[in-house]
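Single-structure report; data block below.
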Amino acid sequence: MEALFHVATFYVFAAFALAGAAISAFSRRLVYCVFALLLTFLGVAGLYVLLSADFLAAVQVLLYAGGILVLLIFGVMLTHEIADVSTEANFTDIKFGAVISGILWLLLVVYICKVPWAVLDPLPPYAPTTRAIGLQFLGDYLVPFEYSSFVLLLVVLGAATLARKEVD
Amino acid sequence: MIPIGLHAYLVVAASLFCFGLFCVLTRRNSIGLLIGIELMLNAGNLNVVAFSRFIGSPIEGQIWAIMVIILAASEAVIFLALLIAIYQNFNTIDVDEIAMLKE
Amino acid sequence: MSNSYVAEVAYLVLVLPLIAFAIQIFFGRNLPRKGDWVSLGAIVGSLAGSLYIACQSLSAHDPQWTVHRIFDWFRVGNAYLLGGVLVDNLTAVMLVVVTGVSTLVHIYSTAYMHGDPKYSRYFGFLSLFSFSMLGLILADNIFFLYCFWELVGVSSYFLIGFWNERQAPADAAKKAFLTNRVGDIGFFLGIMILWHQLGTFSYVDIFQAVRMGEMSGLVSILGLGDVGLLTLAGLCLFCGAVGKSAQFPLHVWLPDAMEGPTPVSALIHAATMVAAGVYMVGRLFPLFTPSALLVIAYVGCITAFFAGTIAITANDIKRVLAYSTVSQLGYMIMALGVGGYTPGLQHLMTHAWFKALLFLCSGSVILGLHHTQDMREMGGLRKKMPVTFWTMLIGTLALCGVPPFSGFFSKDAILAACLEFGIGHPQHLALFVLGVAGAGITTFYMFRLIFMTFYGEPRNLEKYDHAQESPLPVILPLVILAALAIGSGWGHWFQDRIQPPPDSQFFLAQTGWGGEAVHVADEGGHGGAAHTIAMLCSILAVIIGFGFSYILYFSRTISPKAIAERYPTCYRWLLNKYYVDEFYQSYVIEPLLAWNDFLFRFDRKVIDGFVNGVARTTRVAADILGRIDLYIVDGLVNYLAEIWLELGQKVRRLHQGRIQEYLVVALALAVLFILGHSIVS
């Protein structure tokens, strides 16, 4: 029963993610694309939960769904007249893009099925990861952690510099 | 009922990636490009987390996934800033029209 | 025990100018006095450190005195790269020379560049230049050597083209950079040969491996003949020195580099840029096989003679000095080529002092005359600028090799080494003869410069009246350098400490190659009949050269114009620098440009035409097929034809900066690659 529940939730979340991705890849309306992306982000967050990554799922929801998506919507709204609903997302070279992505997808799937993955058996039990991640960030991964905060600082500065109006 | 294994996650990630790739290859609108890039990053992250769950240590993969999310956030912020700057200068965000290398 | 701090001090010496550079670039404009004191302070600190190291070296009294500090730089897989500093007697001397000249140039520049809008940037570049050269000297492996080598090239590019708002300096900088690249290709190939064969960059390991007889194999060059691998590597490395030390045929950049500010010329010509090539040959001396050394000797000899003759007809005061630098570098290279390790490097040291002096003097003259460089507008300046005159005269005497000035000792030792070599191998006696002739020519053109600038009647009265002696920051370096130009050749301190590395004795003993020259060097350049003969010959040459110069340009018994008219062809060739630049222009640069043009047209016409043609043909074929198989394969064929047509248009538009198309192509290739791989496996 539990296994069935697991499988069912996987399919639901995967369907969410893929449907969102498909819409945001193919829709002609930019606003639709952005909102479909929300679906994908939530689906992927669900998959994270199934992968025993609860903290990551929370981060995904907060940062992607809450942060990046808002930024994207801002981008759409700032660069188009808001009334202009028919914001078109034009395509170039659809054929080439489709052929290349299609072939790549086929290749990937073939390889995924062909490679004998050395999967752990049995899988580690589900356990909360937040504490472990926190400890790691203040231990072994202290330097990358601090470095990433430095990068974020630079990003803030860079974004402010880029977007400000030139005062001459 | 077959339990959900590594393959399933990898296939989902591969599909996400290819959708993202298609987006990046075909969109002329730069926000569309960013959407594609975000999709691809998500696919990569899903892969990393899935691998770390099924092979190797789970915490490590999640930590790097968090790093990638930080990267994606920074990139989106910079992208938006650039977008605004470009829009102010060119009054468009169509990547083809701002290709100044042309001709 | 007393060497314990040498490595740390060496790091400090290296890092100080770099810090100064960073400060200057980011904050220089906002600092008081535009930050010139930052660079000056850094270089003075480096000078102090260098003097400390030199004292350690002097008090050690040991030709093999060495401090070697290694650190683990990085590892990639199994390959790893060690960094480190290597300080020995040669390094110590070079450190003092570089930081000494650089310090004086800094002081000088505070006056010379005063009021320039890019003042702080100028000092930043000076610091960068000093840093690069110090790194080059301190490197303990050939990889670091190469990195700093290129850094020297870049910083010289910045400085030569410092006034890049004018066309000539920008062109000169470009020329210097590109000419150096030509030599650097060879240098890089040489490094790759060594790395491929020995798997190490470190000097010590390379010399060890060479001594053990590795790399003794032969390689065939295009089936034309066999060359020793080590000879080939040595010649490739020497190509770098040809570029950087302005040897024939890559000397063309150095005279043009005169477009930079005069203090920079002094720095380039004396201590930093051109010294790098000679230093490199000296540092890697154990690598060079007898055949390689022979080539080196002849290149140096040709350069020494050839550049000297060009200097005779030059009218720009700085160009005369530039050609004299090329010629003197030829002497150094020739000395190293005949196995005269010590004389060659000693000349590098003494030359650094008096050439810096000469350049700074010419800068002082230029400053006094408000930026006039043409000697035909000068004359009679002796009274107006007494300090400049006397110091310049000292520099000239040193350059000509008049005893007891420093140049005499080193130049004499070089000629003695050549003569020893010529006695051992009579077929190569020409090296000595041309060397002596070059010494006479040097005297001739240097006194021509002195007479034209400081004696006689002023040719341009207006400029003469405004001429005045330069301020103290200009005069002070001149006096210090003059003292060094007189005294740096005295005593045996140099010969006692800098002797051919023991590894190279291997070659020398094995083949008897230049063995006696080393012998001369060991005795401090004071032994053997050859030395006496060489000394007499060179003094004779100096007297003859001076005599001609006196007759032509001082007493004017014979007019130089008459001679020029009598031998017009000869004069034209000299005036046009043997047409080397014209040769490059018409046989190297223009064909290259033409080839580029051709490729461009080919791309435009043939390839595009081809693609379009293919598309058209395919469409026509498809059309015919379509008519034939109207009901069967119509759609498919049309579709194919369309793909071709579209492909044609895609390929034609490929170079239009559409990033997504680039991406499509790159990904398509990657996918094809994976596809092919999976099909094969």
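Checked against the criteria, residue A:153 does not count as within 23 Å of the chain's Cα centre (by Cα) and surrounded by 13 or more Cβ atoms within 10 Å (Cβ to Cβ).
Listed by first and then second residue, the pairs linking a residue in region C:81-104 that is acidic (Asp, Glu) to a residue that is surrounded by fewer than 22 Cβ atoms within 10 Å (Cβ to Cβ) and assigned to a strand (DSSP E or B), with Cβ atoms under 7 Å apart and 6 or more places separating them unless they lie on different chains, are C:88/C:66. Within the option set C:299, C:295, being in a helix (DSSP H, G or I) and touching a Leu at 6+ places or on another chain (Cβ under 7 Å) holds for one residue only, C:295. Quick check: is even one residue across region C:163-184 buried (at least 22 other Cβ atoms within 10 Å of the Cβ), modelled with pLDDT of 85 or more, among the hydroxyl-bearing types (Ser, Thr, Tyr) and within 30 Å of residue C:284 (Cα to Cα)? Scanning region C:163-184, I find no residue that is buried (at least 22 other Cβ atoms within 10 Å of the Cβ), modelled with pLDDT of 85 or more, among the hydroxyl-bearing types (Ser, Thr, Tyr) and within 30 Å of residue C:284 (Cα to Cα), so the answer is no.
Results for (1) crowded, with 24+ Cβ neighbours inside 10 Å; (2) over 10 Å from the mean Cα position of the chain (by Cα); (3) facing chain A (nearest Cβ under 7 Å), shown as yes or no for each residue.
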{"position": "B:12", "(1), (2), (3)": "yes, yes, yes"}
{"position": "B:37", "(1), (2), (3)": "no, no, no"}
{"position": "B:50", "(1), (2), (3)": "yes, yes, yes"}
{"position": "B:54", "(1), (2), (3)": "no, yes, yes"}
{"position": "B:59", "(1), (2), (3)": "no, yes, yes"}
{"position": "B:64", "(1), (2), (3)": "no, yes, no"}
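Just to be sure before I move on: is residue A:21 closer than 22 Å to residue A:126 by Cα and either part of a helix (DSSP H, G or I) or free of Cβ contacts under 8 Å to residues at least 12 places away in the same chain (or both) in the structure I sent? No; evaluated as a whole, the condition is false for this residue. Inspect all residues belonging to region C:65-86 and state whether any of them is part of a helix (DSSP H, G or I) and not aliphatic (A, V, I, L, M). Scanning region C:65-86, I find no residue that is part of a helix (DSSP H, G or I) and not aliphatic (A, V, I, L, M), so the answer is no. For the subset of region A:14-33 comprising residues that are of a type outside the set (Ser, Thr, Tyr) and at the interface with chain B (Cβ under 7 Å from one of its Cβ atoms), which member is farthest from residue B:62 (Cα to Cα)? Across region A:14-33, the extreme among qualifying residues is A:30. For region C:402-412, does any single residue satisfy the condition of being touching a His at 6+ places or on another chain (Cβ under 6 Å) and crowded, with 18+ Cβ neighbours inside 10 Å? Yes, region C:402-412 contains at least one residue that is touching a His at 6+ places or on another chain (Cβ under 6 Å) and crowded, with 18+ Cβ neighbours inside 10 Å. Restricting A:109, A:59 to those that are among the β-branched types (Val, Ile, Thr), closer than 20 Å to residue A:25 by Cα and either surrounded by 14 or more Cβ atoms within 10 Å (Cβ to Cβ) or modelled with pLDDT under 85 (or both) reduces the list to A:109.
The values are calculated or read from the model by the stated rules, or taken from the named source; none is laboratory data. Since the model is a prediction, treat every value here as computed from it, not as a measurement. Please note: Cβ atoms are built from the backbone with ideal geometry, for glycine as well, and neighbour counts cover all protein chains shown.
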